[in-house]
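Presented below is the structure to which this report refers.
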Amino acid sequence: MASVSLNQVSKSYGAVDIIRAVDLAIADGEFVVFVGPSGCGKSTLLRLIAGLVPVSSGDISIADEDMTEVPASKRGIAIVFQSYALYPHMTIARNIGFALETSGLGKPEIKAKVTDIARMLKIDHLLGRYPRQLSGGQRQRVAIGRALVRQPKVFLFDEPLSNLDTDLRAEMRVEIARLHEELGTTMVYVTHDQIEAMTLADRIVVLNEGRIEQIGTPQELYRQPANQFVAGFIGSPRMNFVAGALLGEKARGATTLGVRPEAIRLVPAEEAHVSGTLLRLEDLGHEHLAYVEIARDITWTVRLAAHPDRERGAMVGLGWAEEALYRFGTDGRAVA
Amino acid sequence: MTIAARRSSARYRWQRRARGFGLFVLLLLVLVYTLFPYYWAIVSSLRSGSALFSTSLVPSFDLTHYMALLQDPVFTGSIVNSLIVAGSTTLISLAVAVAAAYALGRLTFGGKKLMLMAILVVSIFPQIAVMSGMFELVRWFGLYNRIGSLILAYLIFTVPFTVWVLTSFMREFPRELEEAAIMDGCSHWRILTRVLLPLMGPALASTGLLAFILAWNEFLFALTFILSDENRTVPVAIGLISGNSRYEYPFGPVMAASIVVTLPLLALVLFFQRRIVSGLTAGAIKG
Ligand SMILES: Nc1ncnc2c1ncn2[C@@H]1O[C@H](COP(=O)(O)OP(=O)(O)O)[C@@H](O)[C@H]1O
Ligand SMILES: [Mg+2]
């Protein structure tokens with residue numbers, strides 16, 4: 001159990017800055033999720049915390065101890081990789097116990113610990129097999145087991161569920177949440193998946209081009225995005241944007257306006273804030289997605305609970321509550 | 001319409017069979033072209049005297065040449081020498097190459113590209129170009145007329161390609177697997193011996209085999225650096241087999257010797273074949 005804090009951490013490869021002056025304080029036992037577009041440096045930041053790559057500048061401390069120069073295996077951190085990275089030539093039991101074997105622990109102790117962990121993760125019947133004989137979900141559990149066995153103070157996950165199908169992903173998501181509850185260990189979790197981020201996180205860190213755009217609870221990020229990037233990134237389908245000029249005085253001088261798809265209703269033409277042509281309707285069963293072209297090349301997504309009963313190509317009016325409108329300035333920052 | 005469809009279906013089936021037959025004939029031609037010389041060598045080695053001039057394709061199982069070879073101490077000695085030379089060359093170059101490839105493929109340090117280029121350039125020089133320099137080196141180490149000179153000389157062409165092949169293998173090794181080992185507390189040595197090496201079996205087998213074959217078949221250095229018969233290796237020993245008179249080419253004995261010295265290579269290839277093939281196809285590393 002430990003807090004993690006990053007102070008002005010930067011990383012560059014040659015002339016390319018990958019991580020730029022990141023400040024971050026993660027509390028003891030907190031579950032923090034990193035999200036951001038592909039290539040923004042999420043994995044790199046995780047590797048910096050783990051000590052797998054050295055920082056270019058800045059300090060990293062864990063449990064209030066400076067760890068900037070401490071080698072990876074001495075930081076009390078375990079990491080679960082996206083590809084699982086199990087040793088293909090070792091049995092599951094050896095995969096899980098390898099760290100203990102390396103540290104010189106005796107065979108009986110290793111066996112006892114491995115059995116405990118395996119039972120906890122419901123993989124005790126697989127201990128004699130090899131990774132290639134396991135399904136994706138089982139390999140994932142083994143990877144978690146291998147991390148658990150070292151009793152780390154901090155757990156890092158790099159997109160652990162991205163190789164699993166939807167059902168398994170939901171199951172493992174619940175499993176990881178349960179694990180966090182039981183162990184109370186600090187966890188840092190990288191994901192692409194909105195649902196994982198929103199459901200698992202105590203706090204979400206939104207990264208973009210190596211910088212932190214915003215840190216906050218899932219609700220804060222959803223309700224009060226600090227800028228247009230975060231507003232567009234959090235929420236699915238993504239927020240609809242339009243230039244302020246198109247809405248006239250309602251823009252109150254903002255450069256860009258945004259409305260979430262779920263905040264929009266279909267309204268009669270005279271009440272509409274904007275109106276446009278219905279391009280396409282998607283029936284998802286529990287909801288309908290309507291795509292409405294409100295101006296040339298600007299298509300908004302609208303989430304509807306019921307079928308709107310309009311034909312394709314019909315003119316529809318869109319309305320929303322005043323507080324559902326987000327305003328952003330020229331620099332993309334949110335304005336009141 | 002259905003009739004037309006049926007007719008075209010029949011035509012496609014006929015075409016497929018014709019293609020299959022054509023492919024079979026082509027394969028047969030290639031096989032005959034590549035295997036006939038060996039077959040002819042076997043047939044010739046099993047004949048003696050005037051039977052050698054027969055053009056019949058049927059072997060006659062006359063083992064005279066083989067018996068003579070196995071009773072010739074120079075020839076049997078040369079096989080032992082060749083085994084020692086090729087075996088040591090292979091082991092040493094693999095050991096050197098594994099260490100070098102780990103450094104070149106997995107670690108970051110300055111001048112890495114330059115070093116790889118240098119290694120490649122070394123293997124470009126024709127043998128004859130390095131001969132005189134190598135001769136000096138051999139004399140310097142006092143290895144002239146000893147089989148150690150050949151091991152030293154052969155390393156100059158086996159090490160570059162083993163390093164090159166193993167380096168590209170190490171490079172393609174998944175980064176996360178190595179990182180997992182680092183997180184598990186492994187030193188470089190432990191990563192190399194416990195994680196990388198066990199997964200490198202196929203690469204080691206194929207490059208090692210190639211190195212062994214190169215060393216086994218080498219002629220020029222073997223002819224130059226070895227003076228006396230008891231230190232000769234197989235290719236030179238075969239080259240120096242002489243007939244009863246200087247006007248007779250000892251066709252039968254040479255063929256028999258060639259067949260005998262191919263056997264160890266054949267045995268090695270058969271033994272390692274399964275490992276090599278399974279390594280090529282299994283994707284042993286992934287997940
Ligand atoms: N070892 C490296 N050398 C050079 N560039 C790297 C290296 N590792 C990562 N990068 C670069 O850093 C950027 C961020 O990578 P990464 O952290 O993996 O992104 P993410 O996980 O957010 O998709 C990418 O543009 C990638 O090309
Ligand atoms: Mg990544």
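The values are calculated or read from the model by the stated rules, or taken from the named source; none is laboratory data. Since this is a predicted model, take the numbers as computed values, not measurements. Backbone-built Cβ (ideal geometry, glycine too); neighbour counts: all protein chains shown.
Residue-level check: of (1) crowded, with 18+ Cβ neighbours inside 10 Å; (2) in a helix (DSSP H, G or I), A:V188 misses just (2). Hey, does the stretch A:32-50 have a residue that's without any contact (Cβ under 8 Å) to a residue 60 or more places away in the chain, within 14 Å of chain B (Cβ to nearest Cβ) and surrounded by 21 or more Cβ atoms within 10 Å (Cβ to Cβ)? So far as the stretch A:32-50 goes, yes, one or more of its residues are without any contact (Cβ under 8 Å) to a residue 60 or more places away in the chain, within 14 Å of chain B (Cβ to nearest Cβ) and surrounded by 21 or more Cβ atoms within 10 Å (Cβ to Cβ). Looking at the stretch A:226-336, the strands (runs of 3 or more DSSP E) lying wholly inside it that each contain 2 or more residues that are under 20 Å from A:E213 (Cβ atoms) and out of contact with any His (no Cβ under 8 Å at 6 or more places or on another chain) sit at A:240-243, A:256-259, A:326-328.
Residues in the stretch A:229-255 that are buried (at least 22 other Cβ atoms within 10 Å of the Cβ) and polar (S, T, N, Q): 1 in all. Can you confirm whether B:L35 is in a loop (DSSP other than H, G, I, E, B) and not assigned by TED's automatic domain parsing to the domain that holds B:N145? Here the answer is no, as B:L35 does not meet what is asked.
Which condition from (1) in a loop (DSSP other than H, G, I, E, B); (2) within 24 Å of B:R190 (Cβ to Cβ) is the one that A:E101 breaks? The failed condition is (1). Within the stretch A:97-115, one or more residues are more than 26 Å from B:L196 (Cα to Cα) and of a type in the set (S, T, N, Q). Screening A:Y84 with (1) facing chain B (nearest Cβ under 9 Å); (2) within 15 Å of ligand 1 (Cβ to nearest atom) gives one miss only, at (2).
Can you pull out every residue in the stretch A:35-44 that is more than 7 Å from ligand 1 (Cβ to nearest atom) and either in contact with a Cys (Cβ under 7 Å, 6 or more places away or on another chain) or among the hydrophobic types (A, V, I, L, M, F, W, C) (or both)?
A:V35
Against the numbered list (1) surrounded by 15 or more Cβ atoms within 10 Å (Cβ to Cβ); (2) more than 16 Å from ligand 2 (Cβ to nearest atom); (3) closer than 20 Å to A:L164 by Cβ, A:K122 comes up short only at (1).
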